[in-house]
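The values are calculated or read from the model by the stated rules, or taken from the named source; none is laboratory data. Remember, predicted model here, so these are calculated numbers, not experimental data. Cβ sites come from the backbone with ideal geometry, for glycine too, and all protein chains shown count toward neighbours.
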Amino acid sequence: MTIISGSCHCGATKFEVLEEITGVTACTCSTCSKRGALWSYHSPDKFRLLTPREDLATYRWQSRTVAFHFCATCGCSTFGETPDWSTGEADFDNPRIAVNARVLDDFDLAAMPVTVIDGKNLW
């Protein structure tokens, strides 16, 4: 099984992705672009949070359907919880974990294809 570790800058927030990552997404919405995040999306069973949830900080923007989690100590954006948006509508029956690939450890982000989503005009 593939296990990719991730953590914030100070190491207080740690997690694992339990599958290979084959590409990332750059969303142009104001939240994602200001965070500078590149997201990989996973089903909840392919994500393992190693940090107690109470140690995370969470931000919900606009429709409040997406929870952006970040380290409460150093502020690094780490992952989010979202419905699947692949059809253009929120599919709450298919939750996804969005992992900020910029905080993955020992991961070659430069080798990943990047798909741009026009979140600035979609949401």
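Of all residues in segment 19-62, those satisfying the criterion of being in a helix (DSSP H, G or I) and free of Cβ contacts under 8 Å to residues at least 24 places away in the same chain are Lys34, Arg53, Glu54.
Considering segment 97-108, and only residues there that are modelled with pLDDT of 95 or more and among the acidic types (Asp, Glu), the residue that is farthest from Thr13 (Cα to Cα) turns out to be Asp108.
Scanning segment 92-113 for residues that are surrounded by 12 or more Cβ atoms within 10 Å (Cβ to Cβ) and among the hydrophobic types (A, V, I, L, M, F, W, C) yields Ile97, Ala98, Val99, Ala101, Val103, Leu104, Phe107, Leu109, Met112. It is to be established whether one or more residues within segment 70-85 are closer than 27 Å to Lys120 by Cβ, charged (D, E, K, R) and under 14 Å from the mean Cα position of the chain (by Cα). Yes, segment 70-85 contains at least one residue that is closer than 27 Å to Lys120 by Cβ, charged (D, E, K, R) and under 14 Å from the mean Cα position of the chain (by Cα). A single entry from Arg60, Arg35, Arg53, Arg64 fulfils the requirement of being at pLDDT below 95 and crowded, with 17+ Cβ neighbours inside 10 Å: Arg35. The residue that is surrounded by the most Cβ atoms within 10 Å (Cβ to Cβ), counting only those in segment 1-29 that are polar (S, T, N, Q), under 18 Å from Asp45 (Cα atoms) and at pLDDT 95 or above, is Ser5.
Applying the condition of being out of contact with any Lys or Arg (no Cβ under 6 Å at 6 or more places or on another chain) and among the aliphatic types (A, V, I, L, M) to segment 67-96 and asking which residue is modelled with the highest pLDDT yields Ala72. Here Pro44 fulfils each of the conditions (1) within 19 Å of Asp106 (Cβ to Cβ); (2) modelled with pLDDT of 95 or more; (3) surrounded by fewer than 15 Cβ atoms within 10 Å (Cβ to Cβ) apart from (1).
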